[in-house]
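The values are calculated or read from the model by the stated rules, or taken from the named source; none is laboratory data. Note that this is a predicted model, so its numbers are computed, not measured. No Cβ is skipped: glycine too gets one built from the backbone with ideal geometry, and neighbour counts run over all protein chains shown.
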There are 2 protein chains.
Amino acid sequence: MGVADLGLPVDVPSTALFTDHYELTMVQAALAAGTAERRSVFEVFTRRLPEGRRYGVVAGTGRVLDAVENFRFDADVLNFLRERAAVDEATLEWLASYRFSGDIWGYPEGEVYFPGSPILRVEGSFAECVLLETVILSILNHDSAIAAAASRMASAAGDRPLIEMGARRTHELAAVAASRAAYVGGFTSTSDLAAGFRYNIPTVGTSAHAFTLLFDTEREAFRAQVNTLGGGTTLLVDTYDVTEAVRAAVEVAGPELGAVRIDSGDLLLVAHRVRQQLDELGATNTRITVTSDLDEYAIASLRAAPVDAYGVGTQLVTGSGHPTASMVYKLVARAGSADADAPLVPVAKKSSGGKTSVGGRKWAARRLDDHGVAEAEVIGTGRVPQELQDRLLQVQLVKGGEVVAREPLDVVRDRHAAARAGLPLSATQLSRGEAVIPTEYV
Amino acid sequence: MGVADLGLPVDVPSTALFTDHYELTMVQAALAAGTAERRSVFEVFTRRLPEGRRYGVVAGTGRVLDAVENFRFDADVLNFLRERAAVDEATLEWLASYRFSGDIWGYPEGEVYFPGSPILRVEGSFAECVLLETVILSILNHDSAIAAAASRMASAAGDRPLIEMGARRTHELAAVAASRAAYVGGFTSTSDLAAGFRYNIPTVGTSAHAFTLLFDTEREAFRAQVNTLGGGTTLLVDTYDVTEAVRAAVEVAGPELGAVRIDSGDLLLVAHRVRQQLDELGATNTRITVTSDLDEYAIASLRAAPVDAYGVGTQLVTGSGHPTASMVYKLVARAGSADADAPLVPVAKKSSGGKTSVGGRKWAARRLDDHGVAEAEVIGTGRVPQELQDRLLQVQLVKGGEVVAREPLDVVRDRHAAARAGLPLSATQLSRGEAVIPTEYV
């Protein structure tokens, strides 16, 4: 098997297996019926934001591009499908030469989104587009959920750095994507070496309680750490008694000690006490890092506390209550025949049972008020009004199967900060509410 | 880089990068201080079950064994650590020859657990054991969370098959592990081809709304599907009008139509109507599959409905409200020197701020009542009482660095079914409550 760089810390032969069985049976049936080549438009969007959230964050687009580029059915995969009789020989033959040759447009990664925003649009033949559904949704649903939580935490933290340290609370590879999404949302660094390796995100970390417990006394542990990592290290001070630990820490490392970390207890109270003690000991530049079960609310509640950095784990990698975005991938238009110039017909599910959607290939623009602040997400299927033509949100990501919009992660991160700053101030309220701007269909 | 089979549908060179930065700095400091070789015992346990849950499910153990076996620092990883100055040269040298050489004991995969259960115990030198913390917790926290949700859903579904179809709602590789954990918990099949490829779990699927919308009429779509997939296929009947769709489905496929799928609306009501209509059309053997936003409560509420199979996505892969187990990996005992025969000293965090734990290497046994039903999880650090010696839960998984307890996934799945059946009946109540048996420390 050939290998491909897939946005993972590992070499992955193909993304084609990250696919639901029914995508393949649909291809088989469409091939047999002569409809597989009908020109089609699929769109990714979400019907609603998670309850109470004011905005969503597009994340994972860069990983989607890698996945599309590497979506191939090699011999091992084809043999597996043949053994399972998942599809017939004609379909296996078609899959063997699969390469996405269509176009993809989308919101640039880091941009914010709202209910109905056409975050990604995939155009090509029905068969080549439908196959990409599962892996595109996996990536966008996961990464966007994490980035949205990260963005709220970053708002709450203000200028204070945020460390992503949730690897142990989620799947080992989801953790790497979570670090990436957290960085997009505004985090500063990560504990996860794989995320550092793959995405060049700064990694940090010094010691855990186990290290202190390994030694006969806390002081010996501190001495061992400072001896090898230097006085600029971060000492963990809540294994036994915090006050005694802070005293020992400054005695061992001197007043130039880099930081202390508090990982339990009433962080507001303890941070104030530790700050006062550090100052009394002359360690006025020693920083305080807190790391115990934080979420955006806890971070906000510590705004007035003498805290210098936050480490966030569980709540970050689980999307702070919303571990997945509810994005869907829907056929919104398709040609009535396989002719290349057959006109597109808008289509949509009509059943009365909910889950309806709006047919037709959509554009999207963000309308600003007189002060340059976003006031509506405008979505349409026809002509773009003159006044919105320079506010269009979608950019071309893939052209004729070739990725045309790769970008460094720092560009994405900056874009998100700018997009969030362009929303009404109430966007960053943590309290539950409606989407901060309405979605208008024209 | 060499490649290794890592419980993924992909070849992964090493699991060593799935590690928090601080594990490495702790190794450096312990090496420098001469404490790295102290014999140590780490235990994985959880302080509590997710709120309201009656029991937990151990899942991921097989993946942990793969991860431990493949935990190596190859040249690429070492170069990365050197460039980042993550650790010093002495530590890099030590890492280069790293191979876990200790012992691991644990609850066999599929077993149930309770607060405090010592699910996994890792013994060896401090340095070799501490490094494994992150990847072990990533795997167990993710997989056990999914398996616990799956187990509740399987209880609620009774004999009806459950299809895992959540790949699109979670990270593309977390999805594969989620399929595996769901299978352990009692699911029957998956939509995820990667899970079929890697774990030999049966894969299923036929068509989505997009397929129906591709055709000019629903009837044409049904005909196309039946022509190539046969009359035993499952037709999706809620794209337009369900009643018309069911009529068309039976006309096209005949009364031997395999199944219909309903993916929206009031499933209880619609299932009853569709069953009646199918019976009237003579399609008395045609099954009904439902697949819309199900969780264990929705499944239970459909117990009296004429439903033949459930497809579950979002709520399964997000752990039905609890996307991660809260397992921790704690040093509970270590030698006072690097001598091979130095006695172990129990250790534990003592800070008043919470997160305390019980020191010492623990055994665990499940005490049964006179009817053979579990009545307590008994955990101790000393001698095992005579009457519990044949109820001990931990088994050896790794001996001197060698995996000694690989087993097929079906064995794990059967074990879980038996373990759940051995709990008091109230274990499978869906209502919130306490752990179904108490944890006793002796």
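Working only within region B:189-218, note down all residues that are facing another protein chain (nearest Cβ under 7 Å), in a loop (DSSP other than H, G, I, E, B) and polar (S, T, N, Q).
The answer is B:191, B:206, B:207.
Residue by residue, here is whether (1) assigned by TED's automatic domain parsing to the domain that holds residue A:258; (2) under 14 Å from the mean Cα position of the chain (by Cα) holds:
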| residue | (1), (2) |
| --- | --- |
| A:114 | no, no |
| A:122 | no, no |
| A:141 | no, yes |
| A:165 | yes, no |
| A:195 | yes, yes |
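Among the residues in region B:117-132, are any surrounded by fewer than 24 Cβ atoms within 10 Å (Cβ to Cβ) and of a type in the set (Asp, Glu)?
yes
If we keep just the residues of region B:352-367 that are at the interface with chain A (Cβ under 10 Å from one of its Cβ atoms) and within 21 Å of residue B:393 (Cβ to Cβ), which is modelled with the highest pLDDT?
The residue in question is B:359.
Got at least one residue in region A:344-351 being in a loop (DSSP other than H, G, I, E, B), of a type in the set (D, E, K, R) and either under 21 Å from the mean Cα position of the chain (by Cα) or over 23 Å from residue A:181 (Cα atoms) (or both)?
Yes, region A:344-351 contains at least one residue that is in a loop (DSSP other than H, G, I, E, B), of a type in the set (D, E, K, R) and either under 21 Å from the mean Cα position of the chain (by Cα) or over 23 Å from residue A:181 (Cα atoms) (or both).
Filter region A:380-394 down to the residues that are of a type outside the set (Lys, Arg) and surrounded by 13 or more Cβ atoms within 10 Å (Cβ to Cβ) and list them by number.
Hits for region A:380-394 are A:380, A:381, A:384, A:385, A:388, A:392, A:393, A:394.
Cβ-Cβ distance below 6 Å, separation of 6 or more or different chains: which pairs start in region A:248-268 with a residue that is more than 11 Å from residue A:283 (Cβ to Cβ) and end on one that is basic (Lys, Arg) and outside any loop (DSSP other than H, G, I, E, B)?
Cβ pairs passing all conditions: A:248/A:219; A:252/A:223.
Checking residue A:41 against (1) assigned to a strand (DSSP E or B); (2) without any contact (Cβ under 8 Å) to a residue 24 or more places away in the chain; (3) among the hydrophobic types (A, V, I, L, M, F, W, C), which single condition isn't satisfied?
(2)
So, in region A:240-266, exactly how many residues are facing chain B (nearest Cβ under 9 Å) and either under 28 Å from residue A:300 (Cβ atoms) or part of a helix (DSSP H, G or I) (or both)?
So the count comes out to 7.
Which condition breaks for residue A:435 when tested against (1) among the small types (Gly, Ala, Ser); (2) under 27 Å from residue A:321 (Cα atoms); (3) more than 21 Å from the chain's Cα centre (by Cα); (4) not in a helix (DSSP H, G or I)?
(3)
Farther than 29 Å from residue A:436 by Cα and either buried (at least 22 other Cβ atoms within 10 Å of the Cβ) or touching a residue at least 24 places away in the same chain (Cβ under 8 Å) (or both), is that true of residue A:64?
So residue A:64 fails the test.
Kindly evaluate residue B:152 against the criterion of being basic (Lys, Arg) and within 13 Å of chain A (Cβ to nearest Cβ).
So residue B:152 does not fit the description; no.
Given the structure, is residue B:197 at pLDDT below 95 and out of contact with any strand residue (DSSP E or B) (no Cβ under 7 Å at 6 or more places or on another chain)?
yes
Does residue B:289 satisfy being under 30 Å from residue B:432 (Cα atoms), away from chain A (no Cβ under 11 Å) and among the hydroxyl-bearing types (Ser, Thr, Tyr)?
yes
Results for (1) hydroxyl-bearing (Ser, Thr, Tyr); (2) more than 20 Å from the chain's Cα centre (by Cα); (3) not in a strand (DSSP E or B), shown as yes or no for each residue.
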{"site": "A:328", "(1), (2), (3)": "no, no, no"}
{"site": "A:332", "(1), (2), (3)": "no, yes, no"}
{"site": "A:360", "(1), (2), (3)": "no, yes, yes"}
{"site": "A:366", "(1), (2), (3)": "no, yes, no"}
{"site": "A:370", "(1), (2), (3)": "no, yes, yes"}
{"site": "A:387", "(1), (2), (3)": "no, yes, yes"}
{"site": "A:413", "(1), (2), (3)": "no, no, yes"}
{"site": "A:423", "(1), (2), (3)": "no, no, yes"}
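Could you run through region B:307-319 and say how many residues are in a helix (DSSP H, G or I) and in contact with a strand residue (DSSP E or B) (Cβ under 9 Å, 6 or more places away or on another chain)?
Total satisfying the criteria: 2.
Could you list all residues from region B:278-306 that are assigned to a helix (DSSP H, G or I) and among the β-branched types (Val, Ile, Thr)?
B:299
Return the total of residues in region B:316-351 being surrounded by fewer than 21 Cβ atoms within 10 Å (Cβ to Cβ), more than 10 Å from chain A (Cβ to nearest Cβ) and more than 21 Å from residue B:35 (Cα to Cα).
Final tally of qualifying residues: 0.
For region A:219-238, enumerate the residues that are more than 7 Å from chain B (Cβ to nearest Cβ) and either in a loop (DSSP other than H, G, I, E, B) or within 37 Å of the chain's Cα centre (by Cα) (or both).
A:222, A:226, A:230, A:231, A:232, A:233, A:234, A:235, A:236, A:237
Any residue that is within 14 Å of chain B (Cβ to nearest Cβ), over 17 Å from residue A:38 (Cβ atoms) and either free of Cβ contacts under 8 Å to residues at least 24 places away in the same chain or crowded, with 24+ Cβ neighbours inside 10 Å (or both) - is there at least one of those in region A:89-98?
Yes - at least one qualifying residue is present in region A:89-98.
Quick one: which strands (runs of 3 or more DSSP E) lie wholly within region A:65-179 and hold at least 3 residues that are under 27 Å from residue A:340 (Cβ atoms)?
Once the strands (runs of 3 or more DSSP E) in region A:65-179 are filtered for at least 3 residues that are under 27 Å from residue A:340 (Cβ atoms), what remains is A:103-106, A:120-125.
Being crowded, with 21+ Cβ neighbours inside 10 Å, small (Gly, Ala, Ser) and at positive phi is true for just one of B:254, B:205, B:196. Which residue is that?
After applying the criteria, what remains is B:205.
Scanning for something on the phi < 0 side of the Ramachandran plot and within 14 Å of another protein chain (Cβ to nearest Cβ), does region A:101-115 turn up at least one residue?
No, region A:101-115 contains no residue that is on the phi < 0 side of the Ramachandran plot and within 14 Å of another protein chain (Cβ to nearest Cβ).
Taking region B:10-38, which residues are crowded, with 24+ Cβ neighbours inside 10 Å, modelled with pLDDT under 95 and either outside the structural domain of residue B:412 (by TED's automatic domain parsing) or outside any loop (DSSP other than H, G, I, E, B) (or both)?
Answer for region B:10-38, where residues must be crowded, with 24+ Cβ neighbours inside 10 Å, modelled with pLDDT under 95 and either outside the structural domain of residue B:412 (by TED's automatic domain parsing) or outside any loop (DSSP other than H, G, I, E, B) (or both): just B:12.
For region A:109-118, does any single residue satisfy the condition of being out of contact with any strand residue (DSSP E or B) (no Cβ under 7 Å at 6 or more places or on another chain) and either of a type in the set (S, T, N, Q) or modelled with pLDDT under 95 (or both)?
Checked against the condition, which is being out of contact with any strand residue (DSSP E or B) (no Cβ under 7 Å at 6 or more places or on another chain) and either of a type in the set (S, T, N, Q) or modelled with pLDDT under 95 (or both), region A:109-118 yields no hits at all.
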